[in-house]
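Notes follow once the structure below has been shown.
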Amino acid sequence: MARCNNVDMPNVHTLAPGDKVRTLEDTHPTGYQRGARDGCRWGQEGRVVQRSSGHGECYEVRVGAVTGWYEPEELEYWHIMRGYIPLVEPPAEPATAWERLERDDFS
């Protein structure tokens, strides 16, 4: 289980250095050191430099000549047969009105 923005998320895939990724959009996570995310570039392809799990899983990615740290939910990885796939699956929306009522707590 990965931890994104202090929320437990199911991990779909773990990246290794050299893996091809595409960045999505900024989720505005907290807890990074100053400058760690200055090199982040959104909507672009890059390569994983390293993985860190010290304060929750995150990846350093090189896009062009710069690197930045990204949360797993901000990345898609390249699968040779299926193209780009989200690293973390977003939570599924309930399919029916009844499931939505069961999910929502009105108390």
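Coordinate-derived values only; no laboratory data. Predicted model, so just to flag it, every value in this text is computed and none were measured. Every residue, glycine among them, receives a Cβ derived from its backbone with ideal geometry; neighbour counts consider all protein chains shown.
Here are a few things to note about the model shown:
- Cα-projected label distance for residue 20 with residue 52, points at 7 Å along beta-carbon direction, nm: 2.7 nm
- Charged neighbours of residue 77, selected by a Cβ distance under 13 Å, balance to -1 (K, R count +1; D, E count -1).
- Spin-label model distance (nm) - residue 32 vs residue 44, 7 Å beyond Cα toward Cβ: 1.4 nm
- Distant-in-sequence amide H partners of residue 19 (H built 1.01 Å from N, under 5 Å): 48
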